[in-house]
Structures are given as structure tokens and as C-alpha cells.
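Colleague: Before I ask anything, let me first share the structure, which is written out below as C-alpha cells.
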Amino acid sequence: MIKKTCGDSGGLNAHGEPCGQTKDLAPENGLCSYHDPNRSEAARERSRRAADEWHEAVLDAKGAREAPPPPRSFADVTRSYAWLSWAVQNKVIPPAAANSSRASLREFERTLRIEERLRELEAALRKAGVKL
Ligand SMILES: [Zn+2]
């Protein structure tokens, strides 16, 4: 038997794909607490807090506080990707948390590349005698 998910009732995740949540689906519309418009912001806040507490508890239990600091360079980004892979494999953080972290890292990487390109262009302009 196929498990019923929130997505079966129309719940979509941030990528526009069917939501895979199978727990706490509302009997009246089949949506999870996150996608059910009838449920209050308070319920969402409760589930966010529960997820945070779970995350903290797991981190404590695994003694895995040595997550890399916020990235400042391409090397830091690579370290962060490696840590996220390790952390998911070892159930230190939930896959969803790793996915949102990866999205942030990709955005940061893009910013680094743009800054790098800007520096190259400024250098080329200066070399050509353009005052900046
Ligand atoms: Zn959902």
C-alpha cells in the first residue's frame, strides 16, 4: 500500500515538489501542519521549536559541536559541504536541515564568484588606465 503523504493532498515543498510528510496530516484536508492553512502560526512555531530542540539534543548526544564556522572563502564552503555530508550520514542533523544549508552555501558561493569577477574586471580597467 502506498503511504499517504501531504503531497498527495496538494502540499508542495519550497521546490514545488509534493511534500513528503506522512505524520500529523489533518483529517479534513490531508495536509501536514506546515501546509495546512487552517492550522495556526502557533502550531508552526511549536513544530519549529520541536525541530530545533531535537536538533540541539542530537548535537549534544553526538558531541558534534565542531560544525565548521560560517564560510568566508571557497575552501570554507568545501569544508562545510563535507561536514554536511558527514553530519547527515551520521544522523547528526536532519537531511532537510542539510538541504537548506546547502542552498545557502550555493548562494554564498555565487556571491564569492561575483566578487571575484568584479575584482578581475576592476583590475583590468585599472590596467587599461580607467580611474575607478
Ligand atoms: Zn506538507
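Read-outs throughout are calculated quantities, based only on the coordinates presented, and are distinct from any laboratory measurement. Everything quoted here is computed from the prediction, not taken from an experiment. Note: ideal-geometry Cβ built from the backbone for every residue, glycine included; neighbour counts use all protein chains shown.
Colleague: Hey, how much of the P(r) for the chain falls beyond 27 Å, as a percent of Cα pairs? Display every interim value, and only then the final one.
Modeller: Values: 3806 of 8646 pairs.
Pairs farther apart than 27 Å: 44 percent.
Colleague: Here's another thing I want to ask about it. Using alpha-carbon pairs under 8 Å, 6+ residues apart, how would you state the relative contact order of the chain in percent? Don't skip to the answer; put the middle values down first.
Modeller: On the way: 96 pairs, mean separation 16.6, N = 132.
13 percent.
Colleague: Using θ = phi - 60° and the Karplus form 6.51 cos²θ - 1.76 cosθ + 1.60, what ³J(HN,Hα) does each residue of the stretch 96-112 get, whole Hz, x for Gly and Pro?
Modeller: 4, 5, 5, 4, 6, 5, 5, 4, 5, 4, 4, 5, 5, 4, 4, 4, 4
Colleague: Suppose we flag GluC sites (Glu not before Pro) only when DSSP calls them loop and at most 14 other Cβ atoms lie within 10 Å. Which is the longest uninterrupted stretch of the chain?
Modeller: Numbers: sites that count: GLU28, GLU66.
Longest site-free region, per DSSP loop and neighbour criteria: 67-132.
Colleague: To continue, here is another question. Please give the calculated 222 nm ellipticity per residue for the chain, where each DSSP H segment of at least 4 residues contributes -39500 (n - 2.57) and the sum is spread over every residue; nearest 500 deg cm²/dmol? All intermediate terms of the calculation are to be shown ahead of the outcome.
Modeller: Details: 3 runs with 71 residues, N = 132.
Roughly -19000 deg cm²/dmol at 222 nm, from the helical runs in the chain.
Colleague: May I ask for the Kirkwood hydrodynamic radius of the stretch 65-132, worked out over all distinct Cα pairs and given in angstroms to one decimal? All intermediate terms of the calculation are to be shown ahead of the outcome.
Modeller: Details: mean 1/r = 0.0726 Å⁻¹.
Its Kirkwood hydrodynamic radius stands at 13.8 Å.
Colleague: Not counting the cut sites, what is the longest span of the chain without trypsin sites (Lys or Arg not before Pro) that DSSP labels loop and that have at most 15 other Cβ atoms within 10 Å? The partial results should precede the final answer.
Modeller: Numbers: sites that count: LYS3, LYS4, LYS23, ARG65, ARG72, LYS91, LYS131.
Answer from the scan: 24-64.
Colleague: To test your reading of the geometry: what angle, between 0 and 90 degrees and rounded to tens, separates the Cα axis of helix 41-62 from the longest principal axis of the chain?
Modeller: Here the helix axis deviates by roughly 70 degrees.
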